[in-house]
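Reading through the structure tokens given below for one structure.
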Amino acid sequence: MARRAAVVLCVAAALMGPGNPAGAAAGAPADGPSPRPGALVYVADLHSDTVSVVDPGSGRVVDSVPVGKGPDSVAVSPDGSRVYVTNSAADTVSVIDARTRKVIDTIPVGDEPSRVTVSPDNRNVYVANVKSDDVSVISTRTRTVTDTIAVGDAPLGVAVTADGCTLYVANAGSGTVSVVRTASGTVTGAIPVGGGPTALVLAPDGRRLYVSNMTSDDVSVVDLHTGVESDRIPVGDQPAGIGVRPDGRQVYVADIGSDSVSVISTRRRAVTATVAVGHSPNGLAVAPDGSRVYVSDFDSDALSVIDTATACVTDTVPVGDGPTGVAVAPAKRP
């Protein structure tokens, strides 16, 4: 029960209630011009069993891709050619061809896959399976699971270092971050953090790890040189999705219970702004150029777009029903 509760909290508090049937219609592809140059945003729609493809330049959903049951998280390969989606209710990962926007494979993984990330060298996909307490390692070449790594209780967030050598896994049920050596698939340590860690992100310089702790309403700062938590920053209610600007100056946190995004100054290690967004924000991604932050508003069936220069919402895009995970990729076709 505790493990399942952690999953419900991570996705959104609203998961305990029925979805809004109008959401699927709101997220239907809009008629209009082709996407403008810029970033494409992929949004996992938990209750629609789809991935919405958003062109933020036009503020439109340009496609809606059917995937497995209960899509929860989404990640894009470094070359932008593939999109990986965890289907939490189907125990699978859907592989989408970014050019055709079609599912080209469905890969069985562990029990209730929650979060996904791709290694920088594009060789492996890492999937946190919250109910089987492990991480599935998928080869992008064979599109099969090549290893299963046991970690802590109820793993949710996953992040891999720029050199691909180390994987960090946030264990919501254990209150720890597992440190995994990717070459051998072995856990080399567990770092205590706050309560209910659900998502994490590496600083661009690779020196720190930022972890959102849902039940203690704060963000842990982990010094990766010492391997210990060096600070704890209070944020909004039930922090979930987290992202960092490419210059490393700000960290953004989606606060499910506060309907807001906390903006953290990494120099001051404090919240310097709070941005009101839609209802139950949970997924979050920062544009590659750092100019925008994209936030999935679970109970609003929408994607909020935040201008990082002004810390203001500049657009709200209707997507599918129950949006959760968010990922950004270049709009250029592979």
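Using the Cα coordinates of the range 77-222, the gyration tensor eigenvalues translate into equivalent-ellipsoid semi-axes of 24, 16, 14 Å, sorted from longest to shortest.
As an exercise, use a Förster radius of 41 Å and the Cβ-Cβ distance of residue 226 and residue 111 to find the FRET efficiency, rounded to the nearest 0.05. Intermediate values should be presented prior to the final figure.
Numbers: r = 34 Å, r/R0 = 0.82.
Calculated value: 0.75.
Once semi-axes √(5λ) of the Cα gyration tensor in Å is calculated for the structure shown, the corresponding label among (i) 26, 23, 19; (ii) 44, 25, 16; (iii) 35, 22, 18 turns out to be (i). Here residue 142 and residue 307 are evaluated by their C-beta separation; at R0 = 30 Å the FRET efficiency comes out at 0.10.
Dividing the convex hull volume of the alpha-carbon atoms in the range 194-246 by its residue count gives 63 Å³ per residue.
With all projection directions averaged, the alpha carbon convex hull of the range 137-177 covers 3.3 nm².
A straight line joining the Cα centroids of the range 276-298 and the range 125-146 runs 26 Å.
Ordering 52-60, 237-245 by mean Cβ neighbour count within 10 Å, with the highest value first, yields 237-245, 52-60. Global dimensions of the range 272-312 from alpha-carbon coordinates: Rg and Dmax equal 10.0, 28 Å. Using a Gaussian network model of the chain in which every pair of alpha carbons under 10 angstrom is joined by a spring, one finds that among 197, 288, 318 the greatest mean-square fluctuation is at 288. Taken about its Cα centre, the range 278-322 carries a charge dipole of about 140 debye when Lys and Arg each add +1 at the Cβ and Asp and Glu each add -1 at the Cβ. Dipole check for the range 72-137: with +1 at the C-beta of Lys and Arg, -1 at the C-beta of Asp and Glu, and the Cα centre as origin, the magnitude is about 340 Debye. Hey, if you drop one equal point scatterer on each alpha-carbon of the range 200-334 and run the Debye formula without solvent, what base-10 log of I(q)/I(0) do you get at q = 0.10, 0.12, 0.20 Å⁻¹? Taking Cα atoms of the range 200-334 as identical point scatterers yields -0.29, -0.42, -1.12.
Per residue, the convex hull spanned by the alpha carbons of the range 94-143 comes to 80 Å³. The charge dipole of the chain, taken about its Cα centre with unit charges on the Cβ of Lys, Arg, Asp and Glu (plus for the first two, minus for the last two), comes to roughly 760 debye.
Rule-based calculations on the coordinates, nothing more; no lab input. Everything numeric here is computed off the predicted structure, so don't read it as measured data. Virtual Cβ from ideal backbone geometry, glycine too; neighbours counted across all protein chains shown.
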